[in-house]
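The next block holds one structure in the form of C-alpha cells; read it before the comments.
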Ligand SMILES: [Zn+2]
C-alpha cells in the first residue's frame, strides 16, 4: 500500500499531499513509447486501484520526467502534464496535478511552499552535488514566495551504500566529514540523508517528515544497489483545494 508521508494544510488554503508507492503497488518505472517502460496511465491506474482510500487525481494529470541526475526543474502549468522531459524536479502551483519522481535508492524529496506550490525532487549523489534541491527550492520560491518545508522519502541508508574512501573525499570537501557512514559490514559508506539535511538547513527549509526505511534492507522497496533492478517506486505529490 502507498504510504501517505504528508497531508499538509497550507496558509494558501491548499492541502498538499505527499505519498510513496511500495513494491506491492507495482513497478512505477515510467517511460514513453520509445523506452518500452510502463505508461504513466498503466502505472497510475494500478496504483490507484490499490489505494482507493486516497483521492488521487486521475492519470491524465500525472507528470513524470526522464531523470538524468542533473539540477533542472520543470514547471507543470494549467492544462498540461509533463511526459518524459529531461529534468530532476517538477514544480507546480496548479491544483490536481500529480508530480512524480521514480527511485530505487536515490532520495525522493517533496518541497512545499506554505503559499501554495509543491515540488518533487530526484536526489542521488550526482544530483546533490549538482544542486538539484537548491534549484527546486529556488523555482518554488519564484512560483510562491514564502516558507518552505520538506518531506524525505525512503532511500538507501548508509547501512548499505558502500563507497570507496577516495570517492567519499569529494563529498567531505563539499559537505563535511559527517557524510561518511559505515555499512553493516563496517565498510565506509555515503550518508545521503545527512547531505540532504545539511542542504535543507542551509536553505532554511524545515524538515517535517523523514521516512528512514533503507530501500536496500527493506523488501517493501526496489533497490538498484541490492540487485540492479530496473523497477522503481515513486514519490507522488499533489495540491488539493481545501
Ligand atoms: Zn540498508
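A few comments on the model shown:
- Any chance residue 122 is surrounded by 19 or more Cβ atoms within 10 Å (Cβ to Cβ) and within 16 Å of the ligand (Cβ to nearest atom): no
- Entry remark, region 9-39: residues being closer than 24 Å to residue 215 by Cβ and in a strand (DSSP E or B) number 7 in total.
- Condition check for residue 90: surrounded by 24 or more Cβ atoms within 10 Å (Cβ to Cβ) and assigned to a strand (DSSP E or B): yes
- Enumeration of residues in region 147-178 that are under 17 Å from residue 199 (Cβ atoms), within 16 Å of the ligand (Cβ to nearest atom) and either in a helix (DSSP H, G or I) or free of Cβ contacts under 8 Å to residues at least 40 places away in the same chain (or both): 158
- Tally, over region 144-164, of residues that are surrounded by fewer than 18 Cβ atoms within 10 Å (Cβ to Cβ) and either modelled with pLDDT under 95 or within 24 Å of residue 17 (Cα to Cα) (or both): 3
- On the stretch given as region 12-48, residues that are out of contact with any strand residue (DSSP E or B) (no Cβ under 9 Å at 6 or more places or on another chain) and touching a residue at least 40 places away in the same chain (Cβ under 8 Å) total 1.
- Restricting region 202-221 to residues that are more than 10 Å from the ligand (Cβ to nearest atom) and not in a loop (DSSP other than H, G, I, E, B), the residue that is surrounded by the most Cβ atoms within 10 Å (Cβ to Cβ): 210
- For residue 69: the one exception among (1) touching a helix residue (DSSP H, G or I) at 6+ places or on another chain (Cβ under 6 Å); (2) part of a strand (DSSP E or B): (2)
- Exactly one residue out of 227, 212 is closer than 26 Å to residue 113 by Cβ and out of contact with any strand residue (DSSP E or B) (no Cβ under 6 Å at 6 or more places or on another chain), and it is 212.
- Filtered residue count, region 222-242, keeping only those that are within 13 Å of the ligand (Cβ to nearest atom) and within 15 Å of the chain's Cα centre (by Cα): 1
- Residues (touching a strand residue (DSSP E or B) at 6+ places or on another chain (Cβ under 6 Å) and more than 21 Å from residue 67 (Cα to Cα)) located in region 106-156: 113, 116, 143, 144, 146, 148, 149
- Figure legend. Inter-residue proximity from region 182-201: first residues surrounded by fewer than 19 Cβ atoms within 10 Å (Cβ to Cβ), second residues assigned to a helix (DSSP H, G or I), beta-carbon distance below 8 Å, spacing 6+ or different chains. Indicated pairs: 188/165; 188/168; 194/175; 194/178; 194/179; 198/175; 198/178; 198/179.
The values are calculated or read from the model by the stated rules, or taken from the named source; none is laboratory data. Just so it is clear, the model here is predicted, and its values are computed rather than measured. Positions of Cβ are generated from backbone atoms using ideal geometry, with glycine treated the same way; all protein chains shown enter the neighbour counts.
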